[in-house]
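What follows draws every value from the coordinates through simple rules; no lab data is involved. As the structure is a computational prediction, the values presented were derived from the model and not from experiment. Reconstructed Cβ throughout: ideal geometry from the backbone, glycine too, with neighbour counts over all protein chains shown.
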Amino acid sequence: MARREDYLTPEVLADVDEVDRYLASKGKIDYPTHTEQDSPPTAYSIAIDDPLPPPKFLSLEQMMTHNTDPMPKQVIEGVLHKGSKMIISGSSKAGKTLSLLHLGLAAANGSTWLGHRTATSKVIYLDFELKKRIAARRIAEMVNANDQYDPKNQNFMYCSLRGQSRTLEDLVHHIEDLEDHRPDLVIVDPFYKLATGADENDAGAIGEIVNRMEKFSERLDCSFVYAHHFSKGNKSDTDHIDRASGSGVFARDPDAILTLTPHEEEDHLVLEATLRDFPTPSPQVVEFSWPNFIHKPDLEPKLRKPGQTKAKKDRLNKLSDALVELLEINSIMGLNNLKIKLEKKTDEEIHPDTIRNIIKKDENIIVQKRGKGLENIYIYKKD
């Protein structure tokens, strides 16, 4: 007769140890009180690693029938379906975090984001970067500066994870525990905090992480958006999907790839997108004006070229001096009138945004606002 010890092979013991380690990682389980012996206790949901059901194979006729099924909700109109993945990448300090906070708030309110309409959605923002107090102040400034954001909106939930090492499995477990908040959109900022210890140039390691992200979004039936950084150097001559630092997986895996790259105008960025499920939209320009991004559809999306920064600063200094010389003589009414006079003085074409940026940076130039329908007066205040 076989004994119990005969079944305790090294393989069996290894499996048992794995289960023990998993349950131990979950801490103490508060089982509810049961009056009936056959009533099972509540168990933890093994969120990502549940055994998969057998794959289903469909005939062409069945696929034609499925062609009439409704499409998933568009969380970002013309950009991202619910259940899809999106990466937004940019250079260091290019405003990736601010753009993602705006995305979360815009989607929670069903308002526009960087020129794109969003559907009203339940949002979870997982922040591995900012301290909670700093994030709270930043979000408050954003909400107070935007009439489209309702400060009492219940669709946006924020979680500060700075200084914490969390796995995707752990995060799914906690999100599933939230009552009445099944997310349509989960935002993670930044990606590398989920890839601790992984070489971002290792396609296998990065592929494993993004595959688990996909299981994450499938399990929760939500879109998954994350931020990543550009590799070093000017990226104007690099295809926008290849600007993200590290493995080519970042250019192949996401359903939507968005980049924020410096525009030739100071404090402006070019938003470019490559999409799997939608036609590729034209590049757009947004102005960074704290705490907002302002969509500038009329501005040509020209990327800043290598070495252009110094030349740009020299030009702005020249235009600033010329503008001051004009206003020292007399105040000028109307931005367009100011533009015409400055172009005549400098003998070059000048975009109105350039003039606005010069005025914004010179505290001696005063803009006297005259009310709705009336043009502003531009005055130079002498010290």
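Counting every pair of alpha carbons in the stretch 133-194, the share spaced more than 16 Å apart comes to 57 percent. Computed 3J(HN,Hα) for the stretch 179-185, one whole-Hz value per residue from the Karplus formula 6.51 cos²θ - 1.76 cosθ + 1.60 where θ = phi - 60°, is 8, 6, 9, 8, x, 8, 9, glycine and proline marked x. Annotation for residue 302 and residue 134: the two label points, set 7 Å from Cα along the Cα-Cβ direction, are 3.5 nm apart. Taking the stretch 307-383, how many lysine pairs are there with alpha carbons less than 18 Å apart, if each pair must be eight or more places apart or span two chains? Lysine pairs meeting both conditions in the stretch 307-383 amount to 22.
Taking R0 as 45 Å, what FRET efficiency do you get between residue 211 and residue 382 from their Cβ-Cβ distance, rounded to the nearest 0.05?
Details: r = 64 Å, r/R0 = 1.43.
E(calc), rounded to 0.05, equals 0.10.
Computed from the Cα positions only, the extents of the stretch 56-212 along the three principal axes stand at 56, 41, 34 Å, in decreasing order. The dipole here belongs to the stretch 78-201: it is taken about the Cα centre, uses +1 on the Cβ of Lys and Arg and -1 on the Cβ of Asp and Glu, and is about 420 debye. For residue 294 and residue 374, the difference between the fully extended length at 0.36 nm per residue and the C-alpha to C-alpha distance is 26.5 nm. Taking amide H as placed 1.01 Å from N in the peptide plane, residue 73 has its amide H under 5 Å from the amide H of 82, each at least 5 places away in sequence or on another chain.
In debye, nearest 20, what is the charge dipole magnitude of the stretch 83-152 about its Cα centre with +1 on Lys and Arg Cβ and -1 on Asp and Glu Cβ, if you could check? Please report the intermediate quantities before stating the final value.
Numbers: 11 positive and 5 negative charges, 47 e Å.
Value, rounded to 20: 220 debye.
Ordered by packing density, taken as the mean number of other Cβ atoms within 10 Å over each peptide's residues, highest first, how do 183-194, 140-151 rank? Could you put the intermediate results ahead of the total?
Details: 183-194: 22.0, 140-151: 13.6.
Order by mean packing, descending: 183-194, 140-151.
Based on the Cβ-Cβ distance from residue 274 to residue 340, what FRET efficiency comes out when R0 is 51 Å, to the nearest 0.05?
Details: r = 40 Å, r/R0 = 0.78.
With a Förster radius of 51 Å, E is 0.80.
In vacuo Debye scattering of the stretch 282-333, one point per C-alpha: log10 I(q)/I(0) at q = 0.28, 0.31 Å⁻¹? So the normalised log intensities work out to -0.98, -1.02.
Sequentially through the stretch 186-192, phi angles give Karplus couplings (6.51, -1.76, 1.60; θ = phi - 60°) of 10, 10, 10, 9, x, 4, 4 Hz, Gly and Pro residues having no value and appearing as x.
Taking R0 as 35 Å, what's the FRET efficiency between residue 170 and residue 147 from their Cβ-Cβ distance, rounded to 0.05?
Working: r = 38 Å, r/R0 = 1.07.
Computed FRET efficiency for residue 170 and residue 147: 0.40.
For the stretch 284-383, what is the Kirkwood estimate of the hydrodynamic radius, computed as the reciprocal of the mean inverse distance between distinct Cα atoms, to one decimal in Å?
Details: mean 1/r = 0.0673 Å⁻¹.
When all Cα pairs of the stretch 284-383 are included, the Kirkwood radius is 14.9 Å.
Highest mean first, the peptides 97-108, 166-177, 118-129 sorted by other C-beta atoms within 10 Å per residue fall in the order 97-108, 118-129, 166-177.
Need the full-extension length gain, residue 333 to residue 60, defined as separation in residues times 0.36 nm minus the C-alpha distance. One decimal, nm. Don't skip to the end; give the middle numbers.
On the way: separation 273, 0.36 × 273 = 98.28 nm, distance 6.84 nm.
Between residue 333 and residue 60, full extension yields 91.4 nm more.
Electrostatic bookkeeping for residue 184 treats Lys and Arg as +1 and Asp and Glu as -1; over the other residues with beta carbon under 10 Å from its beta carbon, the sum is +3. Near residue 113, the amide H atoms lying under 5 Å from its own belong to 118; only residues 5 or more places off or on other chains count, and H is placed 1.01 Å from N. Computed from phi, the 3J(HN,Hα) profile of the stretch 285-295 under the Karplus parametrisation 6.51, -1.76, 1.60 (θ = phi - 60°) reads 10, 10, 9, 8, 9, 3, x, 10, 10, 10, 5 Hz, with x in place of Gly and Pro.
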